[in-house]
């Protein structure tokens, strides 16, 4: 296998649901940051061989998502492109696929990333073309529908993703107070990082056209610097009417957001040739399936497998990233992985899904 490096990661700011990016489509955000990435690095367009992008709420406004992004970003027509959907792990899988393609010699230089506009997730009908009945037409909300159907016919999850978090809360005895504390800490870490300018280099500003004036979006919208435990404690549990033991609220769950991110994946030789700055390399990776009703515990077996492959232990890792879909889910994972206080100090040091937002792709 060839030596592969991950270089020059960039992103948009993360927009709030129905916020600054509500009129901007996912492929537009993605094409903008790819174009700016090419300009920033002065990488010749003709050397990019593939463009791999993740998206979980697609529309036919941008079929073959990665290919359309490549074209709109000004890459050559010889650059390929495709789309990935592994839900919350989609963007990471795009980078993994790029590493595999370069490591095995299929390509030398690839752009990989993910983009999502949850504000523009479509409504859809599966009956409109042939089966409209006298009782009317059913429209599904694309944003929420997949959360309830993700278990397929053999593993139904009628309460959707929130039910999976409540299942983990029950199985691992995670209190509401612990969840709110975790959510508060996430916001404080993200707010501190934002104030210190830690995101300024990676964020590429995006100009949103307006009727009266244009707006430059260059700061994450979802972070709540004014969050408090008192405010979080007043929020009602989303499934409270179904289960009086429910604890998951809008405050201790991730947001619905808009944004895009990308990086260059290439051989070390290509990075040196084109003056690209490597951020890191992929030592090992793993995928592990779990029951759909407890989907959020998936990072536990996958982390264990990835560490074993690399010959490492959790204590060897300096910075730990664990996606915050729900505070209950993260705390279940840290409990199952037997996190120490020191491990917790190294977890999501600049915030994550609860504070930064969660544009799924």
Region 331-351, residues that are under 26 Å from residue 197 (Cα atoms) and buried (at least 17 other Cβ atoms within 10 Å of the Cβ)
347, 348, 350, 351
What pairs can you find where one residue is in region 180-201 and at pLDDT below 95, the other is part of a helix (DSSP H, G or I), and their Cβ atoms are less than 6 Å apart, with a gap of 6+ or different chains?
none
Do you know which residues across region 206-219 are touching a strand residue (DSSP E or B) at 6+ places or on another chain (Cβ under 8 Å) and either modelled with pLDDT under 95 or surrounded by 13 or more Cβ atoms within 10 Å (Cβ to Cβ) (or both)?
206, 208, 217, 218, 219
So residue 337 ticks every box in (1) in contact (Cβ under 8 Å) with a residue 60 or more places away in the chain; (2) over 14 Å from the mean Cα position of the chain (by Cα) but one. Which box is left unticked?
(1)
Taking residue 188 as the residue in question, decide whether it is at negative phi and surrounded by 13 or more Cβ atoms within 10 Å (Cβ to Cβ).
yes
Tell me which of these residue 300 doesn't satisfy, since it passes every other one: (1) touching a residue at least 40 places away in the same chain (Cβ under 8 Å); (2) crowded, with 18+ Cβ neighbours inside 10 Å; (3) more than 17 Å from the chain's Cα centre (by Cα); (4) within 17 Å of residue 336 (Cβ to Cβ).
(1)
Among the residues of region 140-153, which ones are in a loop (DSSP other than H, G, I, E, B) and touching a residue at least 12 places away in the same chain (Cβ under 8 Å)?
150, 151, 152
Identify all residues within region 1-46 that are surrounded by fewer than 16 Cβ atoms within 10 Å (Cβ to Cβ) and either on the phi < 0 side of the Ramachandran plot or in contact with a helix residue (DSSP H, G or I) (Cβ under 6 Å, 6 or more places away or on another chain) (or both); write none if there are none.
1, 2, 3, 18, 22, 23, 39, 40, 44, 45, 46
Could we say that residue 11 is in contact with a strand residue (DSSP E or B) (Cβ under 6 Å, 6 or more places away or on another chain) and within 19 Å of residue 278 (Cβ to Cβ) here?
yes
From the list 115, 150, 165, which residue is farther than 19 Å from residue 361 by Cβ and in contact with a helix residue (DSSP H, G or I) (Cβ under 8 Å, 6 or more places away or on another chain)?
165
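The values are calculated or read from the model by the stated rules, or taken from the named source; none is laboratory data. Here the structure is a predicted model, which means the values were calculated and not measured. Heads up, the Cβs are rebuilt from the backbone with ideal geometry, glycines too, and the neighbour counts pull from every protein chain shown.
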